[in-house]
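We did not get these values from a lab; they are worked out from the coordinates using the rules stated. Not measured: the values here are computed from a predicted model. Methodologically, a virtual Cβ is constructed for each residue, glycine included, from the backbone with ideal geometry; neighbour enumeration extends over all protein chains shown.
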Amino acid sequence: MIETVEIEVLGKKDTRSGFGEGLLEAGKRNGNVVALCADLTGSLKMNAFQDEFTERFFQVGIAEANMMSMAAGMTVGGKIPFTGTFANFSTSRVYDQIRQSIAYSKKNVKICASHAGLTLGEDGATHQTLEDIGMMKMLPNMTVIVPCDFNQTKQATIAISEFEGPVYLRFGRPSVPIFIKPDAHFKIGKADLIIEGTDVTIIACGHLVWKSIEAAQELAKQGISAEVINMHTIKPLDEAAVLSSVAKTGCVVTAEEHMINGGLGESIARVLSRNNPKPQEFVAVNDTFGESGTPDQLLAKYNIDTPDIIKAALKVIQRK
C-alpha cells in the first residue's frame, strides 16, 4: 500500500476573503494601489480597503464597461487599479474594453473576478461563468491566475500588485479548506508541487486542487501513487513542471472548475502534444451551462468532484 500523504488543514474560508485581505495589504504597501467596484463591495470583500483608503476607492455602480475604461485611464497616471465584480461581469460583459483598452496596450490593470465557476451555486447559469479562463488566456499580454485557497488568494493579490502588466485573478464564494501556509511564497508562473507521486500526475487549479488532494489520498489506499500539482498560474504556464512530472508518471489528469473547452486542460494538452505526448484525461464541465443548486450538488452532477478525478486517474493509467 502507498503511504497516504497527510495535508494539514488550517481551517476553511472563502477565497474572496483572501482577496479582500490581500487588497488591503497591497494598499498599505503601495500608495498607488486603487480599487474600483461595480456595486458589489461586500460580495468582493473590498470593505476594509474602502474604509482604510476612502480616497482611493471608487464605487462605479453597475457600469462594468466604464469601470474597465476608468481603470485603464488611471494607469496612465501611475496608479495600480484593481477592479472588482463577479467573474461573469469581469469578462464576457466587458471583453471589448479589456481587449482594446487594457490587453492591447499592456495597461497595468488587475481584473479581480469573484464568484467564478459552478460553486457560485444557487445564482444559476447566468452568473456561473465557465468560459472565463479561456477568454482571458487568449488575450495577448494577459496573465491569468487561479489560486486554490484563502491564503494563496491573499498572497496572489499582493503579488500582482507588484507585477507590471494586466492580470486576471479568479476566485470564488464558497468556504474551502485552507492548506497553503500563510507565509508561503507565491511566484507568478511557478507551479506548486503539493504531493509527489510516480503513477499519475494530477494538475489542478482553484477549488479543484483540494479535490485532487482528496483523490490522491484515496488512490493511495488503492496502491496508486498520484502526484498533485497546483497550477495556480494558467498563463504563463509552468511548462517545465508539467513536462518533468509527466516524464516521471507517464500520464496526466487535469481538473478545473471550468469548461473543458479552452481551460487549463487544453493548455496542458498543448504543452504535451508539442513536447512529449502522453495520455491525458480531462475533469471539467463538458460543453454545457450550469444550473441552480448547492456547490456540492453541482460539482457532483457536472462530474468535477473527487470521485471523478479518481475515475479519470484510473482510466488514464490504463492508457499508458
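How much length is gained if the chain between Gln59 and Phe163 is pulled fully straight, taking 0.36 nm per residue apart and subtracting their Cα-Cα distance, in nm to one decimal?
35.0 nm
Report the residue, chosen from Lys235, Lys278, Lys221, that carries the largest GNM mean-square fluctuation when the chain is represented by alpha-carbon nodes joined by springs under 10 Å.
Checking each option, the largest mean-square fluctuation is seen for Lys221.
According to a simple spin-label model (label point 7 Å from Cα along Cα-to-Cβ), what is the distance in nm between Leu10 and Asn275?
Between Asn275 and Leu10, the label points sit 2.9 nm apart.
Could you tell me which of rounded, prolate or oblate describes segment 115-222, using a ≥ b ≥ c as the square roots of the eigenvalues of the alpha-carbon gyration tensor, with rounded for a/c under 1.5 and, failing that, prolate when a/b is larger than b/c and oblate otherwise?
Since a/c reaches 1.5 but b/c is at least a/b, the shape of segment 115-222 is classed as oblate.
For segment 192-318, rounded, prolate or oblate, judged on the Cα gyration tensor with a ≥ b ≥ c (square roots of eigenvalues), a/c < 1.5 rounded, else prolate if a/b > b/c?
oblate
Would you mind calculating the gained length between Arg29 and Lys190 on full extension (0.36 nm times residue separation, minus the Cα-Cα distance), in nm to one decimal?
55.6 nm
Within a Cβ distance under 11 Å of Val34, other residues only, what is the Lys/Arg minus Asp/Glu net charge?
+2
Could you work out [θ]222 nm for the chain from helices alone, using -39500 (n - 2.57) per DSSP H run of at least four and dividing by all its residues? Round to the nearest 500 deg cm²/dmol.
Roughly -10500 deg cm²/dmol at 222 nm, from the helical runs in the chain.
Can you list the residues of segment 245-261 with backbone N under 19 Å from a point 7 Å past the Cα of Gln222, pointing along Cα to Cβ?
Residues 249-256 qualify, since their backbone N sits under 19 Å from the label point.
For the ranges 59-69, 148-158, 307-317, what's the packing order if you count other beta-carbon atoms within 10 Å of each residue, average per peptide, and put the highest first?
The peptides rank, most packed first, as 148-158, 307-317, 59-69.
Cβ under 15 Å from Thr249's Cβ, Thr249 left aside: what net charge do those residues give with Lys, Arg +1 and Asp, Glu -1?
Residues near Thr249 contribute +1 overall.
So, counting K/R as plus one and D/E as minus one, what does the shell of residues with Cβ under 11 Å around Val146 add up to?
0
Need the list of lysines near Lys278 for cross-linking: C-alpha distance under 20 angstrom, and skip anything on the same chain fewer than eight residues off.
Output for Lys278: Lys248, Lys311, Lys315, Lys320.
Obtain the radius of gyration and the Kirkwood radius of segment 1-124 from its C-alpha atoms and give Rg over Rh.
Result: Rg/Rh = 1.06.
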